[in-house]
Amino acid sequence: MKSTFRPRLLNGHTGDPALLLSLRWQGRALLVDLGRIDRTPAPLLLPIEAVFVSHTHMDHFMGFDQLLRLLLARDATLRLYGPTGLADCVEGKLKGYTWNLTDEYAFTIDVTDIDEREMTEWRFAARRRFERELLRPPRPFTGVVLADGVFTVEAAPLDHRIVSMAYAVTERTHLNVRADALAASGLPPGRWLNTLKDAVRSGALDDTPIDVGAGDRRPLATLRDELLVVTPGQKIAYVVDTLFSPANVARVTRLARGADVFFCEAPFLEEDLEQATRRYHLTAAQAGALARAAAVRRLQVFHFSPRYEGRYGEIIAEAQAEFAGRDVRYGELERGRASLP
Ligand SMILES: [Zn+2]
Ligand SMILES: [Zn+2]
């Protein structure tokens, strides 16, 4: 089965970070980072329901005004997630405009501030002139910021001299019943099939009994292997603006582990390692090393510095060579014991 997500970098490899994740067949979309989006056609942006912001340096957040302009008259809630301080930045932006004619508008912005230990939700409603309200008091942050019926979003705070949040969006496992196998089994279709799917998704043990009707109970593994086609959901990981430190390496490899596509910044070539480190950014080789350590399937580097104009191919080649292990500059990176240069 095809993946639900269709990812695209709205400004390519070199422009401001903004990764659109459209959900096929559903008319829904997520956005990771909110750099400029004014050149993106409105029909692509209108389905956005949640935005995951890495940090509020200007190149990652200046698209906020454009998204607000587009959604303001809609009966919708836009959810924003990001490091603690995001609600302050949203509030500051909203205070830059006059809101005396929006009392009838239903549009609402809900902002979740995430820090190392807890998440706090704030609300800004157009009908209340976007005055800030506490929506939900702090609750523990366990790594998952949003769990939806279709996907889960995890976050990991990284060090960029401020927090830069990394994200992983994972589609839930697809479970399809094999109609022919069900007919052959002689079991009647019914709600027990949903019970079986829920049990498989939640990772229940193989010998968990499933009631198939009329008091007949069968082990989960038997039913799963006979009746279900299990297709793992796609995983997309996203890392920008971060230092190649042991702690960051450990967090990235844990978060991005096994991702189908790993979007990773590579603003600098390894020849400018010193400058990359001073600015708390990655080099292309470091992006490749992270991708290899996390055993991702595909690495897509972006957020290139314009200083390399005309040499962008070198950035991609350097990252891919390190990822593939053809030109290894960074050794095995494991559990925080990064081999740093
Ligand atoms: Zn930054
Ligand atoms: Zn940046």
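Descriptive notes on the structure:
- Loop-located chymotrypsin sites (Phe, Trp or Tyr not before Pro) in region 30-113 (DSSP state not H, G, I, E or B) with no more than 13 neighbouring Cβ atoms inside 10 Å: Y97.
- Using C-alpha pairs under 8 Å with a sequence gap of at least 6, the mean separation divided by the residue count of region 5-103 gives a relative contact order of 21 percent.
- Neighbourhood charge, 12 Å Cβ-Cβ cut-off, centred on R36 and excluding it, Lys, Arg +1 and Asp, Glu -1: -4
- Computed with every protein chain present, the accessible area of D59 is close to 50 Å² [probe 1.4 Å].
- Orientation-averaged projected area, Cα convex hull of the chain (nm²): 20.7 nm²
- Spatially, region 76-141 and region 263-297 are offset by 33 Å when compared through their Cα centroids.
- Accessible area per residue for region 175-228 is 59 Å², calculated with a 1.4 Å probe on protein heavy atoms, without ligands, DNA or RNA.
- Summed residue charge, Cβ within 14 Å of A76's Cβ, Lys/Arg positive, Asp/Glu negative: +3
- Net lengthening on full extension, R129/T77 (0.36 nm per residue, minus Cα-Cα): 17.2 nm
- Structural descriptor for the chain: relative contact order 11 percent, calculated from alpha carbon pairs under 8 angstrom and at least 6 residues apart.
- Seen from every direction in turn and averaged, the convex hull around the alpha carbons of region 175-228 projects onto 3.2 nm².
- Gain upon complete extension [L205, E116; 0.36 nm per residue less C-alpha separation]: 28.9 nm
- Listed residues P140, A50, L20: farthest to the positive end of the dipole of region 1-140 (Cβ charges): L20
- Rg in Å to one decimal, and Dmax rounded to a whole Å, for region 67-195 via C-alpha atoms: 20.7, 67
- Accessible area of the chain belonging to carbon and sulfur atoms, whole % at 1.4 Å probe: 49 percent
- Peptides 35-42, 164-171, 267-274 ordered by average Cβ neighbours within 10 Å, highest first: 164-171, 267-274, 35-42
- Antiparallel DSSP beta bridges within the chain, as percent of all bridges there, nearest 5: 65 percent
- Highest-MSF residue in the chain out of G15, G215, G96 [GNM, Cα springs under 10 Å]: G215
- Annotation: region 1-140 has a Kirkwood hydrodynamic radius of 15.5 angstrom, from the mean reciprocal C-alpha pair distance.
The values are calculated or read from the model by the stated rules, or taken from the named source; none is laboratory data. All of these numbers come straight from a predicted model, not from anything done at the bench. In this analysis, Cβ positions are derived from the backbone assuming ideal geometry, glycine residues included, and neighbour counts consider all displayed protein chains. The area values use the complete protein model at the heavy-atom level, side chains included, leaving out ligands, DNA and RNA. Shrake-Rupley method; radii C 1.70, N 1.55, O 1.52, S 1.80 Å.
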